[in-house]
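Peer 1: Pasting in a structure now, in C-alpha cells, and then I'll have a few things to ask.
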There are 2 protein chains.
Amino acid sequence: MFTDEYFMKLAYREAEAAFDQDEIPVGCVVVSNGQIIAKAHNLTETLNDVTAHAEMQAITSSAEFLGGKYLKNCTMYITLEPCVMCAGALAWSQISRVVIGTRDEQRGFINKNISLHPKTELTIGILENECAEIVKEFFRGKR
Amino acid sequence: MFTDEYFMKLAYREAEAAFDQDEIPVGCVVVSNGQIIAKAHNLTETLNDVTAHAEMQAITSSAEFLGGKYLKNCTMYITLEPCVMCAGALAWSQISRVVIGTRDEQRGFINKNISLHPKTELTIGILENECAEIVKEFFRGKR
C-alpha cells in the first residue's frame, strides 16, 4: 500500500497547492521509516525568495524533525527533477533516496552532470505524466 | 575607500564570527548601491541545517530587504568560492556581481562547470590569503 506511487501522489497534491497559489507547481514529501516527516511546495513568489523551492524547505523541515542535519533513512518524493541548487542541497544532506516524478531536461541537475551523494539511490518516472502535465498546464495558462 | 578589499574585509569578519562558533569559517556581505544590505556566516551546525550556508541566508535577507527576489545592482562578497547549492541559488537570484576571496577547488562550483547567471560578473582573489588561511586554521584545529 505505501508504494512509491502512493507517496508521489501526496507530493503531487503539494504541487497542486502550489498551482492554486500561482506558484510553479512542484511539490515534495519526505518519508522516514514509513512516516511522512515533511511536506512542501514551491513558494518562491509568495516568499519573494529564489531559495524557497519545495526541496529546500523540506530538507530544512526534515532536519528539524530528525534533530540532525543528515537525512539518513529518508526518501524524498519530488514531482519535478531538482535544479542545481536543490541537488546541491540534497547532496549535502546525504539523503538515502530521491524519487523524481518527471525530468526537467533544461533546468534539472542531471544534464548538468551534477551528482547527488554517493549514498543516495535515485528513481525516476513515478506518476510521470501527471507530474509533467501540471507544469505544462501552469505555463500554458501564463502565455 | 569602498573598495572590494573593504567589503571583503567585512565578509572576513563574518567568517571569523563563524570560526568563533565552531562553524566552517565562511562569511559574506551583500552590497547594493554602496550600502550593506545583508551580512551572514555559515550556521550549518548551529541550525542543524545543511542549507544554512552564508550565501543562502544572505540571498534570502537581501531579497527581503529589497522587496523582490532578484538581486539587481547587488554585489556579494564571499570569502570562499560557493558550492553547487549556493551557486545554483546565486544563478536564480540573477545577482549583478559575485566577488570571491579564495577558491575551493574541491567543493566549489567552478570545477563542476556550473555557471552563474549570464548577467553576473565574477571576480576572484580579493584578500585571498586571509580567506584561505582561516579555513585551513579551522581544519588544523579539527585534526
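The values are calculated or read from the model by the stated rules, or taken from the named source; none is laboratory data. None of the values given here were measured: they were computed from a predicted structure. Backbone-built Cβ (ideal geometry, glycine too); neighbour counts: all protein chains shown. Only protein heavy atoms, including side chains, enter the accessible area calculation; ligands, DNA and RNA are left aside. Shrake-Rupley method; radii C 1.70, N 1.55, O 1.52, S 1.80 Å.
Peer 1: Taking the solvent-accessible surface of protein heavy atoms with a 1.4 Å probe, what is the per residue accessible area of chain B in Å²?
Peer 2: 47
Peer 1: Determine how large the accessible area of B:Arg103 is when every protein chain is in place; take a 1.4 Å probe and give Å² rounded to the nearest 10.
Peer 2: Per-residue accessible area (B:Arg103): approximately 70 Å².
Peer 1: Find the sum over both chains of the accessible area lost when B and A are paired, probe 1.4 Å, and report it in Å² to the nearest 100.
Peer 2: Details: alone 7680 and 7660 Å², together 13320 Å².
Using a 1.4 Å probe, the pair buries roughly 2000 Å².
Peer 1: Compute and list, largest first, the equivalent-ellipsoid semi-axes of the protein assembly as shown from the alpha carbon gyration tensor, each √(5λ) rounded to a whole angstrom.
Peer 2: Numbers: eigenvalues 215, 91, 48 Å².
They are 33, 21, 16 Å, listed from largest to smallest.
Peer 1: Please give me, ordered by residue number, the GluC sites (Glu not before Pro) of segment B:57-124 that lie in loop per DSSP and have at most 15 other Cβ atoms within 10 Å.
Peer 2: Sparse-neighbourhood loop GluC sites (Glu not before Pro): B:Glu105.
Peer 1: Right, here's the next one. When the solvent-accessible surface of protein heavy atoms is calculated with a 1.4 angstrom probe, in what order do B:Ile126, A:Ile124 fall, highest first?
Peer 2: Most to least solvent-accessible, the answer reads A:Ile124, B:Ile126.
Peer 1: Moving on to the next point. Determine the relative contact order of chain B: mean sequence separation of Cα pairs under 8 Å and six or more apart, normalised by residue count, in whole percent. Please report the intermediate quantities before stating the final value.
Peer 2: Values: 295 pairs, mean separation 30.7, N = 143.
Value for chain B: 21 percent.
Peer 1: Is there a simple number for the mean count of other chain Cβ atoms within 10 Å of the Cβ of residues in B:86-96, and what is it?
Peer 2: Per-residue shielding by partner chains comes out at 5.
Peer 1: Next up: Scale the Cα Rg of segment B:46-120 by the rule-of-thumb value 2.2 N^0.38 Å and send over the ratio, two decimals.
Peer 2: Values: Rg = 11.9 Å, N = 75, 2.2 N^0.38 = 11.3 Å.
Dividing the Cα radius of gyration by 2.2 N^0.38 Å gives 1.05.
Peer 1: In peptide A:26-36, how many Cβ atoms from other protein chains are near each Cβ within 10 Å, on average?
Peer 2: 0
Peer 1: What does the copy distance list look like for B:Gly141, label position 7 Å along Cα→Cβ, in nm and ordered from shortest?
Peer 2: Once sorted, the set of distances for B:Gly141 reads 5.1 nm.
Peer 1: Place the label 7 angstrom along Cα→C-beta at A:Asn33 and in each other copy, then list the distances from the first to the rest in nm, shortest first.
Peer 2: 5.3
Peer 1: Enumerate the residues in segment A:89-113 having an amide nitrogen under 18 Å from the point lying 7 Å beyond the Cα of A:Phe2 toward its Cβ.
Peer 2: A:96-99
Peer 1: Relative to the other copies, what are the label-point distances for A:Asp20, with labels 7 Å from Cα along the C-beta vector, expressed in nm at one decimal and sorted shortest first?
Peer 2: Label-point separations across copies, in nm and ascending: 4.7.
Peer 1: Kirkwood hydrodynamic radius for segment A:92-143: how many Å is it when counted over pairs of different Cα atoms?
Peer 2: Over segment A:92-143, the inverse of the mean reciprocal pair distance is 12.5 Å.
Peer 1: Averaged over B:50-56, how many beta carbons belonging to a partner chain fall within 10 Å of each residue's beta carbon?
Peer 2: Per-residue shielding by partner chains comes out at 6.
Peer 1: Taking square-rooted eigenvalues a ≥ b ≥ c of the alpha carbon gyration tensor, is segment A:1-103 rounded, prolate or oblate, where a/c under 1.5 means rounded and, failing that, a/b exceeding b/c means prolate?
Peer 2: Oblate shape, in that a/c is at least 1.5 and b/c is the bigger or equal ratio.
Peer 1: Roll a 1.4 angstrom probe over the protein heavy atoms and tell me the percent of accessible area of chain B that is carbon or sulfur.
Peer 2: The nonpolar share, carbon plus sulfur, comes to 47 percent.
Peer 1: Listed here are the pairs A:Lys69/B:Lys119; B:Lys9/B:Lys136; A:Lys72/B:Lys72; A:Lys119/B:Lys39; which of them are more than 29 Å apart at the Cα? Could the numbers behind the result be given before it?
Peer 2: On the way: A:Lys69/B:Lys119 33 Å; B:Lys9/B:Lys136 18 Å; A:Lys72/B:Lys72 38 Å; A:Lys119/B:Lys39 34 Å.
Cα-Cα > 29 Å for A:Lys69/B:Lys119; A:Lys72/B:Lys72; A:Lys119/B:Lys39; rest within.
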